Amino acid sequence: MKKIGLVLAGGGGRGAYQIGVWKALRDTGLENYITSVSGTSVGGLNAALFVQNDLKVAQNVWESISKDQILTSKSDSNRSSKHFSCFERDGLEKIIDDNLDMRCFDKSKYNCWIACVRTDNPHKGIEEIPYISPDGKKFTQKYVYKHIEYFNLKYVKDDMTKKKIILATSAIPFVFPNEEIEGHQYIDGGTRLMYGDNIPVRPLYDIDQCDIILIIHLTDMDESVNKNNFPNARLWEIFPKKNLGSLFDVDGMYDFSSKGAKLRICLGYNDMINAFQNIKASIDREKRSEVKLKDAKQREEQELFIIRCGMKDIDRSTENW
């Protein structure tokens, strides 16, 4: 059975688009074949909601969202950040508290990778940080790839740390404050100036070894992923067919409005439904090829068996001469 990974890119208010894609994945049945999910920034929040497996809650989060919730003013905040920022995270923190059950990660079949950039003393190499289960089994809790750290929420056991990771992945520098996790400072996982990863394919490829990876972009301005970096996987990239911006926010990055969210959910659904036919056709072709190879191998084994049996008969005949 092939492993299928789902990558949810970052992109602020455009993130509602990914909820529409999820709805299409459910309606087409593709959701049942996904084995791992990863996300950066708003894609990290959507990845967490995906793992919780409650599409109705996720859709409600986006359709009831407001700009004031996401961009909490300093004067209205109960948080006291040590780092300079234009806004605080009270609104997003409340959305997480009200809509996300942190126990879902422990129970889920999915690995859920969230990309964050570490700003203080970042690693320069590649490292897997293990989690050892009570029965002695070893899993990857965090995958470090230079500046970027991919946290696997399935094996982060402290609920407050899980929440901090979801906050950190969307902590855009100077817009929102850094998040401190395990004594280190983290910011938005897609921060380009810090060599971030807004399209976190790597943990699904390197750690989960997915055969097919479905990548949901939030702008047609994104460059296609370099497939040469992931030679052993089939990458399917979904780009919005229409601009996800609005009258007052050309690219939709900061359009946290109910009206905008509903529109993007519809666009995401339609784009994924259209893409599904091509994806299904490709998967069906691969399945037919696999069946043909299996049949050919069985025929070859049968022929070899017949030849061996024939040789034995010849050997017995020559013994009687």
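Annotations
- Filter pass, Glu180 being free of Cβ contacts under 8 Å to residues at least 40 places away in the same chain, in contact with a strand residue (DSSP E or B) (Cβ under 8 Å, 6 or more places away or on another chain), more than 20 Å from Ile207 (Cα to Cα) and not in a helix (DSSP H, G or I): yes
- Matching residues in the stretch 159-177 - criterion: being in contact with a Lys or Arg (Cβ under 9 Å, 6 or more places away or on another chain) and open to solvent by 40 Å² or more (accessible area, probe 1.4 Å): Asp159
- Among the residues of the stretch 120-157, those identified as under 17 Å from Gly44 (Cβ atoms) and open to solvent by 50 Å² or more (accessible area, probe 1.4 Å) are Tyr145, His147.
- Restricting the first member to the stretch 63-77 and to residues that are touching a residue at least 60 places away in the same chain (Cβ under 8 Å) and among the charged types (D, E, K, R), and the second to residues that are open to solvent by 40 Å² or more (accessible area, probe 1.4 Å) and part of a helix (DSSP H, G or I), the beta-carbon pairs closer than 6 Å and six or more apart or on different chains are Glu63/Lys262.
- Which numbered condition Leu214 fails, given (1) in contact (Cβ under 8 Å) with a residue 60 or more places away in the chain; (2) in a loop (DSSP other than H, G, I, E, B): (2)
- Residue match in the stretch 67-86 (condition: of a type in the set (Asp, Glu), over 23 Å from the mean Cα position of the chain (by Cα) and open to solvent by less than 10 Å² (accessible area, probe 1.4 Å)): no
- Among the candidates Ile187, Ile166, Ile199, residue that is in a loop (DSSP other than H, G, I, E, B) and at pLDDT 95 or above: Ile199
- Filtering the stretch 228-274 to residues that are open to solvent by 20 Å² or more (accessible area, probe 1.4 Å) and in contact with a His (Cβ under 9 Å, 6 or more places away or on another chain) leaves Glu237, Phe239.
- Within the stretch 13-41, considering residues that are without any contact (Cβ under 8 Å) to a residue 24 or more places away in the chain and in a helix (DSSP H, G or I), the one least open to solvent (accessible area, probe 1.4 Å): Glu31
- Scanning the stretch 42-62 for residues that are at pLDDT below 95, surrounded by 20 or more Cβ atoms within 10 Å (Cβ to Cβ) and over 22 Å from Tyr195 (Cα atoms) turns up nothing.
- Only one entry of Met194, Met160 meets the criterion of being more than 15 Å from the chain's Cα centre (by Cα), closer than 22 Å to Ile132 by Cα and of a type outside the set (Phe, Trp, Tyr), and that entry is Met160.
The values are calculated or read from the model by the stated rules, or taken from the named source; none is laboratory data. In this text, all values refer to a predicted model and were calculated from it rather than measured experimentally. Cβ atoms come from the backbone with ideal geometry, glycine included; neighbour counts cover every protein chain shown. Only protein heavy atoms, including side chains, enter the accessible area calculation; ligands, DNA and RNA are left aside. Shrake-Rupley method; radii C 1.70, N 1.55, O 1.52, S 1.80 Å.
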